[in-house]
Amino acid sequence: MTNKVLVIFTGGTIAMKIDPNLHAAIPALNADEIISTVTNIKNYADIEVLNFCNLPSPHITPGLMMKLANVVKKNISRDDITGIIITHGTDTLEETAFLLDMVVKSEKPIIVIGAMRNHSELGYDGSSNLSAAICTAISSKSRNKGVLVVMNNEVNAASEVTKTNTLSLDTFKSPEFGPLGIVDNDEVIFYREKTISQFIDTNILEEKVALIKCGPGMESDIFNFYINAGYKGIVIEALGRGNVPPAMMPGVIKAIQNKIPVVMVSRCYTGRVLDTYGYEGGGRNLRDVGVLFGGFLPGQKARIKLMIILGKTQDLNEIKELFEYNVR
Ligand code: ASP
């Protein structure tokens, strides 16, 4: 039986060309035009196309990500579908891939891809990324791997990957653990299993979750702003091992007293947070006032995770249990 792969198009540079008047990249390519850049597809799989949207990824909201997840859930259960590929802008690709990984449960491969060079540039990488994704989607080795990000012939787990460079073709990296595998000579090769797996059964999320990056001397005013603006959750990208300037502590405490969960991750590129330090604003102090710890997740992914959990429960104990489940 021929493999059938559903390709869901959402936009991004993979679907862009340089506009001659603007001299800047804008959405321009449709699904058929993108697919036609890949040679010999028919020898590998039947392709079904679904046009979800054609947006630059900074225009994709968490609400749209969840809507996409619901479309993926519906289609991945179809008997005739071997796997799903989603094309996406690279700027927020890691958030969409991570959200899909957390809310869609399937043994079948679900792969998110994009391109770093638009179709007008020399060396458009949309075709090579799409072809590598097709090879990955049709392989039985890709089953039970969760959502994958395939770019530049590297296969990364959605739960581990992040965009590391503004222009490199090999921008998607898993800095903590390295790639799961590669695509070589039209074959996907896995070197290891992913480290983290968490499924949360929800169709909705809470979009009002703030992300605060810490810097020396920062105070509590930003917390007061988010509390007054009705935010339902706050993620702090803390300093180093997981510490904040002491003048932030009243804001952190006020948020928690207002039943707003506060999650802490680090602004460091790698490494997990821990309650190592006992001084004011240190990790132990944050732990003692009820801050949740987000392990090695970057702030942008911790924010998506908190949105998903808040879509499921508002109970602070349940939020803690779900957020810190499997946190490393
Ligand atoms: N700004 C573009 C986007 O995220 C970048 C890309 O797709 O590579 O839509």
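Here are a few things to note about the model shown:
- When each of S127, S159 is tested for being among the polar types (S, T, N, Q) and under 20 Å from D184 (Cα atoms), the lone residue that passes is S127.
- Pairing residues of segment 126-147 that are without any contact (Cβ under 8 Å) to a residue 60 or more places away in the chain with residues that are in a helix (DSSP H, G or I) and of a type in the set (G, A, S), at Cβ distances under 7 Å and at least 6 apart in sequence or on separate chains, gives T136/S142; V147/A97.
- The condition of being within 16 Å of the ligand (Cβ to nearest atom) and of a type in the set (G, A, S) holds for only one of A157, A133, that being A133.
- Where helices (runs of 4 or more DSSP H) fall wholly inside segment 218-328, the ranges with 1 or more residues that are free of Cβ contacts under 8 Å to residues at least 12 places away in the same chain and within 27 Å of the chain's Cα centre (by Cα) are 221-228, 316-324.
- From the options V103, V71, V49, residue that is surrounded by 15 or more Cβ atoms within 10 Å (Cβ to Cβ) and touching a strand residue (DSSP E or B) at 6+ places or on another chain (Cβ under 9 Å): V71
- When we screen I35, I18, I26, I47 for residues that are at pLDDT 95 or above, more than 25 Å from the chain's Cα centre (by Cα), β-branched (V, I, T) and more than 24 Å from N203 (Cα to Cα), the only hit is I18.
- Considering residues of segment 8-46 that are of a type outside the set (A, V, I, L, M, F, W, C), buried (at least 17 other Cβ atoms within 10 Å of the Cβ) and part of a strand (DSSP E or B) only, the residue farthest from the ligand (Cβ to nearest atom): K17
- Residue check for S120: away from the ligand (no atom under 13 Å from the Cβ) and not basic (K, R): yes
- Any hit, segment 98-107, residues being over 18 Å from N43 (Cβ atoms) and within 11 Å of the ligand (Cβ to nearest atom): no
- From the list G146, G114, the one residue that fits, being more than 16 Å from the ligand (Cβ to nearest atom) and under 17 Å from the mean Cα position of the chain (by Cα), is G146.
- Residue count for segment 70-87, restricted to those that are more than 13 Å from L50 (Cβ to Cβ) and in contact (Cβ under 8 Å) with a residue 40 or more places away in the chain: 3
- Any hit, segment 80-96, residues being surrounded by fewer than 17 Cβ atoms within 10 Å (Cβ to Cβ), over 22 Å from L297 (Cα atoms) and at pLDDT 95 or above: yes
The values are calculated or read from the model by the stated rules, or taken from the named source; none is laboratory data. From a predicted model like this one, the values you see are computed outputs, not experimental measurements. With ideal geometry, Cβ positions are generated from the backbone for all residues, glycine too; neighbour counts draw on all protein chains shown.
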